[in-house]
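The next block holds one structure in the form of C-alpha cells; read it before the comments.
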Amino acid sequence: GRDNPAEDIRIKWQRVSNKKKISEVTQYKQKVENSSYNHDPEVSFLIQSFNQKQNIGHIYENLPKNNRFETIVLEDGSIDGSLKIWDEHLDQRNDFLIRSNDLHEIRTYTRGADYARGRYICLLQDDDQFPGTDRWINRSIELLKSRSDLGALGGMYPHDLKIVYGSE
C-alpha cells in the first residue's frame, strides 16, 4: 500500500466504486419497495415490439403508471437494440418482457394474452402513437363496463374511440 501509490489509488477507487454500487442498489430497492405488485390489474397493455427502438421512449413515457395496469412487452427478435432499451425502461413491478424469435404478431399477442392478468387487454404496437394522458384508457374502461354488447374498441389517435359491435 504505502510504497505503491498506484495500488493506493486502485484501492481508493474500488472503495468509491463499491460505495456507488451500494448506493445504486439501495436506491433501486427503495423504489421497488415503494411500488407494489398487483395480482389483478384492471388493464394489461400488450405491446408488440419489432425493430422500432426510436419509439420505445415515447410509448413507455405515455403509458399510465400505476398498479391498476400492467405492461407486457412482446419483443419479437428485434435486431436494432430494442430489447436492451425495453429492459432499461421496464422497471415497475407490473412490467414484463417476453422475448421471442420472429413468431410474428398473432402468436406473440396470444402468448402475451395467456400471461396477462388484467380484466381488459389493450393491444398496442411499437409504432402506435397515443396521448400522454390516461383519458383514452379510462374512457375505454368506462365504455367496456357500461356496454355488455361491446366486445372491442379501436381508435386512431388523435381521433376518438370507435365502438365495434360483434356483428360488424
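The values are calculated or read from the model by the stated rules, or taken from the named source; none is laboratory data. Note that the structure is a prediction, hence the values are computed from the model and not measured. Note that we place each Cβ from the backbone using ideal geometry, even for glycine, and neighbour counts take in every protein chain shown. Areas reflect the complete protein model, heavy atoms only, side chains present, ligands, DNA and RNA absent. Shrake-Rupley method; radii C 1.70, N 1.55, O 1.52, S 1.80 Å.
Of note:
- Residue, modelled with the highest pLDDT, within region 145-168, restricted to residues that are surrounded by 10 or more Cβ atoms within 10 Å (Cβ to Cβ) and over 29 Å from Gly57 (Cβ atoms): Lys145
- Looking only at residues of region 73-92 that are in contact with a strand residue (DSSP E or B) (Cβ under 9 Å, 6 or more places away or on another chain) and not hydrophobic (A, V, I, L, M, F, W, C), we find that the one that is nearest to Asp40 (Cα to Cα) is Gln92.
- First in region 79-104 and in contact (Cβ under 8 Å) with a residue 12 or more places away in the chain and at negative phi, second anywhere and open to solvent by 100 Å² or more (accessible area, probe 1.4 Å) and not small (Gly, Ala, Ser), Cβ under 8 Å, 6 or more apart: Leu83/Arg99; Phe96/Tyr115; Leu97/Asp87; Ile98/Arg111; Ile98/Tyr115; Ser100/Arg107; Ser100/Arg111; Leu103/Arg111
- Scan of region 60-111 for residues that are of a type in the set (Val, Ile, Thr) and open to solvent by 80 Å² or more (accessible area, probe 1.4 Å), ordered by number: Ile79, Ile106
- Residue selected from region 132-144 under the condition at pLDDT 85 or above and either open to solvent by 60 Å² or more (accessible area, probe 1.4 Å) or small (Gly, Ala, Ser) (or both), by the criterion nearest to Glu105 (Cα to Cα): Ser140
- Exactly one residue out of Gln125, Gln129, Gln48, Gln52 is buried (at least 20 other Cβ atoms within 10 Å of the Cβ) and touching a residue at least 24 places away in the same chain (Cβ under 8 Å): that is Gln48.
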